[in-house]
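Written below as structure tokens is the structure these notes are about.
The values are calculated or read from the model by the stated rules, or taken from the named source; none is laboratory data. Just so you know, these numbers come straight off a predicted model, no measurement behind them. Every residue, glycine among them, receives a Cβ derived from its backbone with ideal geometry; neighbour counts consider all protein chains shown. Ligands, DNA and RNA are stripped out before the accessible areas are found, and what is left, the full protein with its side chains, is counted by its heavy atoms. Shrake-Rupley method; radii C 1.70, N 1.55, O 1.52, S 1.80 Å.
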Amino acid sequence: MADDHAPDPSRILTVPNIITMVRLACLPLYIYLLFARDARVAAAVLLAVLGATDWVDGYIARRFDQVSDLGKILDPIADRLLFFVGVGGIIVLGDAAPAWFCWLVIAREIFVSVAVVTLALLGASRIDVTWFGKAGTFCLMFAFPMFLVGSSDLGVASWFHTAAWLIGLPGLVLAYCAAVLYVPIGLRALRDGRAGRAARRARPVAPSG
């Protein structure tokens, strides 16, 4: 007998999906605070909150059985856009964080994004995020807000600038370690996905009637 209370992965209006959509909707506000108002501390706080909510919606999805097909697609897109918009704004700003550091983060995100899309199109099975990837993302999502505060006129700005380096450099190393580890993981997922499709095609079809 089917479980009437089993979660439906086709659901759209789940709490994690709503959180993810709110995160996306807040990105224009971040740009507004950063450039139209020159409110670096406020923009930094918003960026940090948007980064933290990535962990919140993931926890809610797993803890309360609200994992959905839409969420599996939408959440990684929101993560990538958060990096591209958040770090891109800092690059345009010019004096909050070193350009080389920002571009290394952007380059890594582009590589991972292109690799994930390419593997999906080639039929790879699902690739889970590694511990290195999670830890690197966590560090970087808080390093950039600290860089922003460190470039503001806040009295303790220098402390935030130092903290940004202390958390940002390990985060960058972990992120690139994860990118390297994704190569064999991705190739294995591609083999598994193709093997699964071949097995389904080879399965005999039961006669009807």
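Looking only at the range 79-92, which residues are within 15 Å of A25 (Cα to Cα), among the aliphatic types (A, V, I, L, M) and surrounded by fewer than 22 Cβ atoms within 10 Å (Cβ to Cβ)?
So in the range 79-92, the residues within 15 Å of A25 (Cα to Cα) come out as 79-86.
Remaining after also requiring among the aliphatic types (A, V, I, L, M): 81-82, 85.
The answer is L81, V85.
If V205 passes every condition in (1) surrounded by fewer than 19 Cβ atoms within 10 Å (Cβ to Cβ); (2) among the β-branched types (V, I, T); (3) more than 22 Å from S113 (Cβ to Cβ); (4) modelled with pLDDT of 90 or more but one, which one does it miss?
(4)
When only residues in the range 35-49 that are free of Cβ contacts under 8 Å to residues at least 60 places away in the same chain and in contact with a helix residue (DSSP H, G or I) (Cβ under 6 Å, 6 or more places away or on another chain) count, which is farthest from V67 (Cα to Cα)? Break it down stepwise before answering.
Within the range 35-49, the subset free of Cβ contacts under 8 Å to residues at least 60 places away in the same chain is 35-39, 42, 46, 49.
Still in the list and also in contact with a helix residue (DSSP H, G or I) (Cβ under 6 Å, 6 or more places away or on another chain): 39, 42, 46.
Details: A39: 36, A42: 32, L46: 25 Å.
Step by step, filter the range 35-49, then rank; the result is A39.
Considering only the range 69-87, I want to know if a residue exists there that is modelled with pLDDT of 90 or more, in contact with a Cys (Cβ under 9 Å, 6 or more places away or on another chain) and either closer than 25 Å to N17 by Cβ or not acidic (D, E) (or both).
yes
Which of the residues spanning the range 136-149 are open to solvent by 20 Å² or more (accessible area, probe 1.4 Å) and either farther than 13 Å from Y176 by Cα or among the aliphatic types (A, V, I, L, M) (or both)?
F138, F142, M146
Select from the range 148-177 the residues that are in contact (Cβ under 8 Å) with a residue 60 or more places away in the chain and in a helix (DSSP H, G or I) and write down the one among them that is farthest from A43 (Cα to Cα).
Step one: filter the range 148-177 for residues in contact (Cβ under 8 Å) with a residue 60 or more places away in the chain, giving 148-149, 151-152, 154, 164, 168, 172, 175-176.
With in a helix (DSSP H, G or I) added as a condition, the list becomes 148-149, 164, 168, 172, 175-176.
Working: L148: 8, V149: 9, A164: 15, G168: 18, L172: 22, A175: 24, Y176: 26 Å.
So the residue we want is Y176.
Looking at D65, is it in a loop (DSSP other than H, G, I, E, B), touching a Pro at 6+ places or on another chain (Cβ under 6 Å) and not hydroxyl-bearing (S, T, Y)?
Answer is yes for this residue.
Could we say that G123 is open to solvent by less than 30 Å² (accessible area, probe 1.4 Å) and at positive phi here? Talk me through it step by step, then tell me what you get.
Numbers: open to solvent by less than 30 Å² (accessible area, probe 1.4 Å): yes; at positive phi: yes.
Yes, satisfied.
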